[in-house]
Every structure is written in structure tokens, then in C-alpha cells.
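Chemist: So that we are looking at the same thing, I have put the structure below in C-alpha cells.
Values in this text are rule-based calculations from the coordinates and carry no lab data. Please read these numbers as outputs of a predicted model, since none were measured by experiment. Quick reminder, even Gly has a Cβ in these numbers, built from the backbone with ideal geometry, and neighbours come from all protein chains shown.
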Amino acid sequence: MALLERLESRRQIEPVAAAKPGERPKAPTPLRSDPYQALKSKIHKRVVDELGAAELEQRQLEEAVNRIADQTMDEEPVPVPRLERSRIVSEVVAEALGFGPIQPLLNDESVSEVMVNSPSQVYVERKGKLVLTDVRFRDDAHVMHVIEKIVSPLGRRIDESSPMVDARLPDGSRVNAIIPPLALKGPSITIRKFAKDPFTVNDLIGFNTLTPEMANLLRACVEGKLNVVVSGGTGSGKTTTLNVLSSFIPAEDRIVTIEDAAELQLRQDHVVTLETRPANIEGKGAITMRDLVKNSLRMRPDRIVVGEVRGGEALDMLQAMNTGHDGSLTTGHANSPRDMLARLETMVLMAGMELPVRAIREQIASAVDLIVQQSRLRDGSRKITHLTEVQGMEGDVITLQDIFVYEQNGCDEAGKVIGRFKPTGIRPKFLEKMSATGIQVSNDIFRTK
């Protein structure tokens with residue numbers, strides 16, 4: 001988006017929700033008291049007038065905005081204190097070139113998630129804990145301005161007829177926005193940040209998310225073309241783990257990734273990234289996950305990586321796993337490996353196929369080899385709590401066998417969870433399948449200590 005359009009767009013934001021005939025207009029969220037608001041508006045106007053049509057690089061734009069802000073404050077009859085000058089300049093730069101008040105939070109590497117509940121309430125996640133910040137927006141229109149800056153370059157829209165949107169920032173961070181009439185307190189933004197350098201398996205070992213033995217087993221499973229499902233709750237680290245697992249895929253394999261909002265950061269060269277598309281203003285043209293999974297089968301993939309299965313695409317994914325597309329990876333929401341199987345059953349039924357439950361379970365048992373269960377514990381830490389093999393069917397029940405489990409033993413005085421990763425001592429059956437591809441795993445990994 002051109003600089004002039006980005007700067008002028010804040011002047012064009014309409015009220016979020018107009019009152020219906022016969023209804024009393026909704027009172028706007030009160031403005032935050034800022035004695036320098038008029039000064040910032042004056043600086044903003046000069047930036048628009050002087051740089052609106054300029055084609056400058058990001059660094060040059062920042063220098064120009066800083067220069068204009070300093071000149072404007074130097075001309076003020078009442079001197080602006082040094083600390084306030086610094087704050088005003090940073091806020092004007094963030095508003096003009098970034099995403100307004102939340103830009104410093106996005107720049108803060110210790111922040112993993114930013115949550116705007118309302119103009120006056122912004123939370124962040126640091127080290128797994130939610131913290132209220134002192135960041136404030138002026139009003140609902142100010143939040144809407146930031147949402148528009150996020151979604152407009154991606155060709156997405158958000159308004160009363162389409163009040164929810166999933167998008168991503170230029171750095172790959174995932175964004176969800178929802179506005180009135182669905183959000184009663186005003187426009188809401190949730191941003192899941194991703195590290196500029198994706199976490200590696202050594203990072204996860206350093207975070208005590210898993211052990212080196214578990215990492216070696218997972219590497220062997222991916223290289224041996226097992227079908228793996230990463231299961232867990234919201235914010236448990238499923239996508240991070242999926243990124244790490246995908247890094248084990250050999251460079252010569254052709255990978256097709258399928259996501260609602262592209263956020264996987266694969267390091268391989270031979271990758272095709274697919275992303276769903278919402279319906280247009282007429283309600284037409286939507287491309288679903290299921291459409292993309294079906295299409296990916298015609299793209300000669302060696303590996304299919306689905307960001308998350310949450311609906312009927314689960315059936316197509318299972319069929320792909322069962323028809324020669326071994327080594328596929330995906331994630332799903334569930335609280336345990338057994339719950340993940342139940343979720344898969346439900347999602348297959350959502351495809352509209354009237355299949356007997358036993359047939360669905362046979363598909364799942366035949367397709368999925370390993371479930372990686374991830375959890376966020378009460379102290380904010382993230383652990384892989386189960387590595388569970390899907391062994392097959394016994395009667396009408398899918399049999400599971402834990403290979404590694406995380407055993408909790410309480411908390412210390414600081415509230416930190418105490419526990420250990422423990423092998424169950426059982427050698428998984430899928431090792432035979434892996435050995436057929438030339439992948440060998442030492443039995444020492446599975447020995448109890």
C-alpha cells in the first residue's frame with residue numbers, strides 16, 4: 001500500500017456499527033486523555049503533506065518522519081520536554097509506518113502474543129503468562145485503523161457484513177480480528193507472534209519441551225515417512241512443534257503446505273505453500289481447506305503438511321495418508337491422544353459422508369502412526385506430554401500405546417512445575433515400517449531409567 005494511502009486511511013475510518021432505525025446510537029469509547037494529541041495530529045498532517053507521494057525505503061521514511069516531527073515540535077511556542085519528545089516521535093512513527101500503539105509490543109522479542117480486548121485494555125503473553133500492559137488506543141476507530149492496515153495489503157476485508165478475519169503480518173505472525181456487532185466491547189485483535197528465526201529442535205530441548213531421546217525418535221519418524229499428528233490445546237505450541245518436525249523432512253522431497261493463514265516457516269527449497277481464501281462480498285469464491293487438500297493430491301507431493309485439520313478435510317487427509325502419501329504431518333485441537341482420535345472421527349463425519357463408525361476408525365488406525373501430544377502447563381511452560389503410537393484395531397476400538405510420557409510431581413515454591421520425561425520401556429511396532437525405509441533406531445532410547 002502506498003504511503004499516502006496508509007496515512008490517509010486513518011481519516012476515512014467510518015464508525016464501526018451504525019445505529020439501526022429506532023435505536024439509540026451506541027456511545028463511542030471515550031478518548032484517552034493525551035495533552036499532546038493535537039500536536040501529534042499536526043505532525044501527522046505535515047507528514048502526509050510532505051511525504052504522501054514520496055517513494056522511499058523504510059529506513060528513509062523513518063528518518064523523514066523523525067525529521068518532520070522534530071521540526072514541528074521545535075516550532076511550538078511552549079517547549080516540549082525531552083522525554084515527551086521521544087514518546088511523541090516514537091508514537092508518530094509507529095502510527096505512520098507501523099501498527100500504532102501495539103508496534104512496540106510487536107518489536108519486543110519477549111512478547112509471544114498481543115491481545116487487544118478493547119481500546120483501553122491490551123494484554124500480552126510473556127513466558128507463557130498473560131500480563132496487562134499500559135498500552136491504550138484512542139477509541140474504537142483507532143483500533144479499526146490498525147486492523148485495516150493489517151488486512152488491506154492482503155486483499156482481505158472486514159466490515160459489518162464480514163466482521164471476522166484471519167490474516168498475517170509481513171513477518172508471518174498470525175492475526176485474528178473481530179469487530180462489532182460480534183465484539184461487544186469494540187474491535188478486538190489477537191496476534192500470535194512468531195520468532196524471526198524459527199525455533200529448532202535444539203531450542204525445544206533447551207526449553208525442556210522434550211528430551212534429546214524424544215527428539216531423535218521424532219527425527220527418525222519423520223525421515224522414516226510416518227504419518228504424524230500433533231495434538232494439543234490453544235497456545236500449547238503445536239505450530240512450533242510442527243515447524244520443527246517439518247525441518248526433519250529431507251531436502252529432496254517435494255512438500256505442499258496447506259493452511260488457513262500461511263504461518264509455517266519451512267527451510268527447504270522445494271516447498272509449495274497454499275492458503276485458503278474467504279468468500280467475496282457476494283458470498284462466492286471461497287476456497288476451503290478441503291478444496292486445497294484435494295488439489296494437493298494432483299501436485300505430485302512427497303509430503304503433505306496441513307497446518308490444522310478442523311473439519312471435513314480430515315477425511316481427505318486420512319485418505320491421502322492411506323493412498324501412498326506417507327510422511328504427512330498435521331495438527332489438531334485435543335486434550336489427549338485418545339481425544340484426538342475422537343476429534344478425527346467427528347471431523348470425518350463433518351465431511352457429510354455417511355460412513356459407519358468402524359470404517360472411520362479403521363481409516364484412522366491405518367493412516368495415523370504417531371500422535372505427539374503437547375500441553376501448556378500451569379506455570380506457562382510447554383511440554384510434549386505424550387508420544388503415542390497408534391497400533392491398530394482391537395474389535396471396534398483403536399489401540400494406543402504410549403512410548404514417552406511426561407510425569408508431573410507437583411510444583412516448587414515459585415509455582416514451577418516439577419516433573420520428568422519418562423520412556424515406558426515399550427518398543428513401538430512402527431519401527432518395522434521405518435526399517436523398511438532404511439531408518440534404524442537404537443533400542444537404548446526406549447529403556448526406562
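Chemist: Which log10 I(q)/I(0) values does the range 145-198 give at q = 0.18, 0.21 Å⁻¹ under the Debye formula, counting every alpha carbon as one identical point scatterer?
Modeler: Values, matching the q order: -0.56, -0.73.
Chemist: Tell me the mean residue ellipticity at 222 nm calculated for the chain from its helices only (DSSP H runs of n ≥ 4, each -39500 (n - 2.57), averaged over every residue, nearest 500). Don't jump to the answer; show the numbers that get you there.
Modeler: On the way: 14 runs with 146 residues, N = 449.
Calculated at 222 nm, the ellipticity per residue is -9500 deg cm²/dmol.
Chemist: Simple spin-label model, 7 Å along Cα-to-Cβ: Arg87 to Arg420 in nm?
Modeler: 5.2 nm
Chemist: Once Rh is set to the Kirkwood radius over Cα pairs, what Stokes-Einstein translational diffusion coefficient, in µm²/s, holds for the range 99-194 at a temperature of 25 °C and a viscosity of 0.890 mPa s? Mind showing how you got there, number by number?
Modeler: Numbers: Rh = 13.3 Å.
The estimated diffusion coefficient comes to 185 µm²/s.
Chemist: Still on this structure, I have one more. Of all the C-alpha pairs in the chain, what % are more than 32 Å from each other? Please report the intermediate quantities before stating the final value.
Modeler: Details: 48241 of 100576 pairs.
Across the chain, Cα pairs with separations above 32 Å total 48 percent.
Chemist: Below 8 Å, C-alpha to C-alpha, sequence gap of six or more: please give me the relative contact order for the range 105-218 in percent.
Modeler: On the way: 177 pairs, mean separation 25.6, N = 114.
That works out to 22 percent.
Chemist: Using only Cα atoms, tell me the angle between helix 212-223 and the longest principal axis of the chain; keep it within 0 to 90° and round to the nearest 10.
Modeler: Helix 212-223 sits roughly 80 degrees off the main axis of the chain.
Chemist: Further question on the same structure: Which residue fluctuates most in the GNM of the chain (Cα springs below 10 Å): Arg298, Arg376, Arg310?
Modeler: Looking only at Arg298, Arg376, Arg310, the largest GNM fluctuation is found for Arg298.
Chemist: Please work out how much length the chain gains when fully extended from Ser161 to Lys127, using 0.36 nm per residue of separation minus the C-alpha to C-alpha distance, in nm with one decimal. Write down the numbers at each step before the final one.
Modeler: Details: separation 34, 0.36 × 34 = 12.24 nm, distance 3.70 nm.
Fully extending the segment from Ser161 to Lys127 adds 8.5 nm.
Chemist: Would you calculate the separation in nanometres between label points at Asn208 and Met299, each defined as 7 Å from the Cα along the Cα-to-beta-carbon direction?
Modeler: Inter-label distance under the simple model: 4.0 nm.
Chemist: Could you tell me what a quarter of the Cα convex hull surface of the range 77-127 works out to, in nm² with one decimal place? It would help to have the intermediate numbers written out before the result.
Modeler: Values: hull surface 19.2 nm².
About 4.8 nm², averaged over all directions.
Chemist: How many nm separate the modelled label positions at Thr346 and Asp269, each set 7 Å beyond the Cα in the direction of the Cβ?
Modeler: Label-label distance for Thr346 and Asp269, simple model: 4.4 nm.
Chemist: A follow-up question, please. Find the relative contact order for the chain and round it to a whole percent, using C-alpha pairs within less than 8 Å whose residues are 6+ positions apart.
Modeler: 11 percent
Chemist: Turning to a different aspect of this structure: Among 126-135, 224-233, 399-408, what's the highest-first ranking by average C-beta atoms within 10 angstrom per residue?
Modeler: Details: 126-135: 12.3, 224-233: 24.0, 399-408: 17.1.
Packing proxy ranking, top to bottom: 224-233, 399-408, 126-135.
Chemist: Going by average Cβ density within 10 Å per residue, which order do the peptides 210-222, 275-287, 157-169 take, highest to lowest? Walk me through the numbers before you get to the answer.
Modeler: Working: 210-222: 20.0, 275-287: 12.3, 157-169: 16.2.
So the order, starting with the most tightly packed, is 210-222, 157-169, 275-287.
Chemist: Could you give the spread of the C-alpha atoms of the range 60-144 along their three principal axes, from largest to smallest, in whole angstroms?
Modeler: Largest to smallest, the principal-axis extents are 45, 26, 24 Å.
Chemist: Taking Cα atoms of the range 262-363, Rg/Rh with Kirkwood Rh, to two decimals?
Modeler: On the Cα set of the range 262-363, Rg over Rh gives 0.98.
Chemist: For Gln37, project a label point 7 Å along Cα to C-beta. Then give me every residue of the range 131-173 with its amide nitrogen under 19 Å of that point.
Modeler: What the label zone holds, given the 19 Å backbone N cut-off, is 134-147.
Chemist: Let me ask you something else. Assuming R0 = 60 Å, can you tell me the calculated FRET efficiency for the pair Ser152 and Gln391, based on Cβ-Cβ distance, to the nearest 0.05? Mind showing how you got there, number by number?
Modeler: On the way: r = 50 Å, r/R0 = 0.83.
The computed FRET efficiency comes out at 0.75.
Chemist: What fraction of the DSSP beta bridges in the chain is antiparallel, stated in percent and rounded to the nearest 5? If you can, show how the numbers build up before the last one.
Modeler: Details: 47 of 68 bridges.
Bridges in the chain that DSSP calls antiparallel: roughly 70 percent.
Chemist: Using the alpha-carbon atoms, what tilt in degrees (0 to 90, nearest 10) does helix 140-151 show relative to the longest principal axis of the chain?
Modeler: For 140-151 against the chain, the angle is about 50 degrees.
Chemist: Sorted from fewest to most neighbouring beta carbons within 10 Å, what does the list Glu91, Glu432 look like?
Modeler: Working: Glu91 20, Glu432 9.
With the sparsest Cβ surroundings first, the list reads Glu432, Glu91.
Chemist: Just the C-alpha atoms of the range 190-277: what Rg/Rh do they give, with Rh taken as the Kirkwood radius? Display every interim value, and only then the final one.
Modeler: On the way: Rg = 13.3 Å, Rh = 14.1 Å.
For the range 190-277, the value is 0.94.
Chemist: Next question, about the same structure. If you add up the charges near Arg192, with Lys and Arg at +1 and Asp and Glu at -1, over every other residue whose beta carbon is less than 12 angstrom from its beta carbon, what do you get? Kindly include the intermediate steps, with their values, before the conclusion.
Modeler: On the way: positive: Arg168, Arg174, Lys193, Lys238; negative: Glu113, Glu125, Asp166, Asp171, Glu263.
Around Arg192, the charge tally is -1.
Chemist: May I ask which of Lys127/Lys422; Lys196/Lys429; Lys129/Lys284; Lys196/Lys284; Lys42/Lys193; Lys225/Lys416 have a Cα-Cα span longer than 31 Å here?
Modeler: As for pairs spanning more than 31 Å Cα to Cα, those are Lys196/Lys429; Lys129/Lys284; Lys196/Lys284; Lys42/Lys193; Lys225/Lys416.
Chemist: Among Gly425, Gly237, Gly327, which one shows the highest mean-square fluctuation when the chain is modelled as a Gaussian network with alpha-carbon springs under 10 Å?
Modeler: Gly425
Chemist: log10 I(q)/I(0), Debye, Cα-only the range 201-446, no solvent, q = 0.11, 0.13, 0.16 Å⁻¹?
Modeler: Log-scaled intensity ratios, in q order: -0.57, -0.80, -1.20.
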